[in-house]
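Okay, structure first, notes after.
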Amino acid sequence: MSVARKGKVYLVDAGPGDARFLTLSAMECLQKADCLVYDDIIDKSIVDLATDGTELIAVGNGAATNMARRDAVLSILQEKADMGLTVVRLRWGGSFLLAGLGKEIADLAGRSLAYEVVPGVGILSIIKAYTGFSFVSPASIAFWAGGDDLSREFGMPESACFCIEDDEVSAFIGRLVERGFHGDEHAVVIERLS
């Protein structure tokens with residue numbers, strides 16, 4: 001009688017998008033992956049680090065919180081893990097700060113899938129290194145993704161970080177103005193961080 005081997009899912013932070021900022025743990029995961037499930041905004045140079053023969057599955061925008069998309073990704077992870085494969089879920093680094101990671105962890109735990117979280121280089125470290133910009137204090141930073149609902153009440157923190165797609169900038173600024181942000185606040189806009 002043979003016992004089916006159960007696979008494992010590695011939730012890997014791809015960092016800010018430059019392969020030079022991947023952690024050793026992330027590299028090890030890419031090298032041992034049977035299947036790589038990745039956000040399509042991840043740079044091809046990172047995806048190409050997977051070994052020959054690794055099944056590659058692009059699953060859309062990394063910042064998306066759409067329930068149908070989450071369910072589709074979870075189904076892929078479940079199917080591949082049930083086949084006994086080592087599955088790497090390579091996520092855009094900013095998504096590790098935002099709600100998407102917590103939801104994905106809860107989804108995996110809810111299906112009793114074995115998983116491990118592999119953190120990456122933090123986006124705040126990269127911002128400081130590339131720009132010299134320093135947030136006032138880590139305790140006073142607020143993060144929003146472009147898809148987040150800004151209709152909820154919030155106060156203006158000392159520092160705010162908005163992770164949004166290039167094509168959403170104008171609409172997002174309009175939403176901020178509607179919520180009480182004015183043109184006299186200091187702002188730093190960073191495009192293509194690495």
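Is there any pair with a first residue in segment 114-140 that is under 20 Å from Ala19 (Cβ atoms) and open to solvent by 50 Å² or more (accessible area, probe 1.4 Å) and a second that is modelled with pLDDT under 75 and part of a helix (DSSP H, G or I) whose Cβ atoms are under 7 Å apart and which are 6 or more apart or on different chains, and what are they?
As it stands, the answer is Pro119/Phe96, since those pairs meet every condition given.
I'm trying to understand the selection: among the residues of segment 1-23, which are over 18 Å from the mean Cα position of the chain (by Cα) and either open to solvent by 10 Å² or more (accessible area, probe 1.4 Å) or more than 21 Å from Ala114 (Cβ to Cβ) (or both)?
Met1, Ser2, Val3, Ala4, Arg5, Lys6, Lys8
Within segment 26-40, restricting attention to residues that are in contact (Cβ under 8 Å) with a residue 24 or more places away in the chain, in a loop (DSSP other than H, G, I, E, B) and among the charged types (D, E, K, R), which residue is farthest from Val88 (Cα to Cα)? First the steps, then the outcome.
Within segment 26-40, the first condition is being in contact (Cβ under 8 Å) with a residue 24 or more places away in the chain, and the residues that meet it are 26, 29-30, 32-39.
The next check asks that each one be in a loop (DSSP other than H, G, I, E, B); those that pass are 33-34, 39.
Next cut, among the charged types (D, E, K, R) only: 34, 39.
On the way: Asp34: 8, Asp39: 11 Å.
Per the stated criteria, the residue is Asp39.
Could you give me the residue pairs with C-beta distances under 7 Å whose first residue belongs to segment 41-53 and is surrounded by fewer than 18 Cβ atoms within 10 Å (Cβ to Cβ), whose second residue is modelled with pLDDT of 95 or more and not in a helix (DSSP H, G or I) wherever it lies, and which are 6+ apart or on separate chains?
Taking only residues 6 or more apart or on different chains, not a single pair turns up.
Collect the residues in segment 99-109 that are within 21 Å of Pro16 (Cα to Cα) and either at pLDDT 90 or above or open to solvent by 30 Å² or more (accessible area, probe 1.4 Å) (or both), keeping them in residue-number order. Show your work before the answer.
From segment 99-109, those within 21 Å of Pro16 (Cα to Cα) are 99-105; that's our starting set.
If the condition is that a residue be within 21 Å of Pro16 (Cα to Cα) and either at pLDDT 90 or above or open to solvent by 30 Å² or more (accessible area, probe 1.4 Å) (or both), then Ala99, Gly102, Lys103, Ile105 are the ones that fit.
Filter segment 28-40 for residues that are surrounded by fewer than 18 Cβ atoms within 10 Å (Cβ to Cβ) and modelled with pLDDT under 95 and give the result.
Of everything in segment 28-40, just one residue is surrounded by fewer than 18 Cβ atoms within 10 Å (Cβ to Cβ) and modelled with pLDDT under 95, namely Asp40.
The values are calculated or read from the model by the stated rules, or taken from the named source; none is laboratory data. Since the structure is predicted, the reported quantities are computational estimates derived from the model, not experimental observations. Glycine gets a Cβ as well: all are built from the backbone with ideal geometry, and neighbour counts include every protein chain shown. Accessible surface areas use protein heavy atoms only, side chains included; no ligands, DNA or RNA. Shrake-Rupley method; radii C 1.70, N 1.55, O 1.52, S 1.80 Å.
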